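The values are calculated or read from the model by the stated rules, or taken from the named source; none is laboratory data. What you see is a predicted model, and the numbers here were worked out from it, not measured in a lab. Reconstructed Cβ throughout: ideal geometry from the backbone, glycine too, with neighbour counts over all protein chains shown.
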Amino acid sequence: MQRVFLYGTLKKDQPNHARMAAGLQSEDCVFEGIGETQTRYPLIVDPLFNIPFLLGAPNHPKALNVEGEVYSVSEKMLKNLDELERHPTFYTRQEIPVQLNGRTQVTWCYLLQNFREDFLQRPALRTYDSKDYPEFLGGSHKPPTEEERQKFIAYAKGTA
């Protein structure tokens, strides 16, 4: 099992948590607790799609220590998360130090490395809750089509 730090829609009570809940049921993951990034990162919400991004800009002037959930996950679950997060073509999975239960733990985390320059102008958050952004995925909770995904990726990376 490997640790992963989740800061967005995969957390409990968030739109994509069903994936983690299925992993908990199948014993492909175990919830370890609430953690906080030891390094400061900008956690922003995209204004067009209301999707949270943890930007690969450590210690940027707007960056904060971000709160999230830490899970131990099986290789199968990690592969499923990689597919969901489009690692390595969209998000990049990398190891970061996280404070968990008073100790520093190294966890995997999905960071957006190549992103629109204006994302750094967005307000940075310490924690994300989709309830604060009712237009999650444009107000639709249906899975996006592959064409919609590709347009979104190009938009977020600033290549559209």
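Going by what's in this entry, would I34 be described as more than 21 Å from L120 (Cβ to Cβ) and touching a residue at least 12 places away in the same chain (Cβ under 8 Å)? So I34 passes the test.
Checking each residue in the range 22-43 for being surrounded by fewer than 19 Cβ atoms within 10 Å (Cβ to Cβ), of a type in the set (A, V, I, L, M, F, W, C) and at pLDDT 95 or above picks out V30, F31, I34.
Just one of the numbered conditions (1) of a type in the set (S, T, N, Q); (2) surrounded by 14 or more Cβ atoms within 10 Å (Cβ to Cβ); (3) more than 28 Å from Y155 (Cβ to Cβ) is not true of N101: (2). Applying the condition of being of a type in the set (V, I, T) and under 13 Å from the mean Cα position of the chain (by Cα) to the range 51-95 and asking which residue is surrounded by the most Cβ atoms within 10 Å (Cβ to Cβ) yields V66. A residue that is farther than 21 Å from Q14 by Cα, part of a loop (DSSP other than H, G, I, E, B) and at pLDDT 95 or above can be found somewhere in the range 72-79. Selection within the range 1-20: residues that are of a type in the set (S, T, N, Q) and assigned to a loop (DSSP other than H, G, I, E, B). The member of this set that is surrounded by the most Cβ atoms within 10 Å (Cβ to Cβ) is Q14.
Here is the figure for the range 104-119: residues that are of a type in the set (A, V, I, L, M) and either touching a Cys at 6+ places or on another chain (Cβ under 8 Å) or surrounded by 15 or more Cβ atoms within 10 Å (Cβ to Cβ) (or both) total 2.
Of all residues in the range 120-140, those satisfying the criterion of being modelled with pLDDT under 80 and surrounded by 10 or more Cβ atoms within 10 Å (Cβ to Cβ) are Y133, E135, F136, L137, G138, S140.
When the range 21-46 is examined, which residues are found to be touching a helix residue (DSSP H, G or I) at 6+ places or on another chain (Cβ under 9 Å), part of a loop (DSSP other than H, G, I, E, B) and of a type outside the set (G, A, S)? Answer for the range 21-46, where residues must be touching a helix residue (DSSP H, G or I) at 6+ places or on another chain (Cβ under 9 Å), part of a loop (DSSP other than H, G, I, E, B) and of a type outside the set (G, A, S): D28, P42, D46.
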